[in-house]
1. Quick test for you: out of 86, 75, pick the one residue that is at pLDDT 95 or above and in contact with a helix residue (DSSP H, G or I) (Cβ under 7 Å, 6 or more places away or on another chain).
2. Can you pull out the residues in the range 1-11 that are surrounded by 13 or more Cβ atoms within 10 Å (Cβ to Cβ), in contact with a helix residue (DSSP H, G or I) (Cβ under 7 Å, 6 or more places away or on another chain) and more than 23 Å from residue 66 (Cβ to Cβ)?
3. Looking at residue 67, is it farther than 26 Å from residue 94 by Cα and in contact with a helix residue (DSSP H, G or I) (Cβ under 9 Å, 6 or more places away or on another chain)?
4. Report those helices (runs of 4 or more DSSP H) wholly inside the range 12-118 carrying at least 3 residues which are under 11 Å from the mean Cα position of the chain (by Cα) and surrounded by 15 or more Cβ atoms within 10 Å (Cβ to Cβ).
């Protein structure tokens, strides 16, 4: 199927990158675009693919919020609560990482998990 209708859902969603700096936002959007293009290549049902992209966008929004909270002073408690509520499986950082490095680490972890999970 064509990727453009699925990509429009990403590009039209301002909430995905709210609160992020430009570098972290770029990393997050590029990750979403790559995953969406992969989905479009293997999709057999447009509505199912759209649902999967919407799920990825929800996860990406939560990851962005986590990165924003974790890298701000006095917000780690909120970041930890968010990680628990979203059931993130990656290990919590041990330091106040650079937002770009943290985003990169988390998205690498998420990519590995997606590759390991069986197709639905």
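1. 86
2. Those that are surrounded by 13 or more Cβ atoms within 10 Å (Cβ to Cβ), in contact with a helix residue (DSSP H, G or I) (Cβ under 7 Å, 6 or more places away or on another chain) and more than 23 Å from residue 66 (Cβ to Cβ): 1, 3, 6, 7.
3. No; evaluated as a whole, the condition is false for this residue.
4. By residue number, 22-42, 46-70, 99-116.
The values are calculated or read from the model by the stated rules, or taken from the named source; none is laboratory data. Quantities reported herein were computed from a predicted structural model and do not represent experimental measurements. Please note: Cβ atoms are built from the backbone with ideal geometry, for glycine as well, and neighbour counts cover all protein chains shown.
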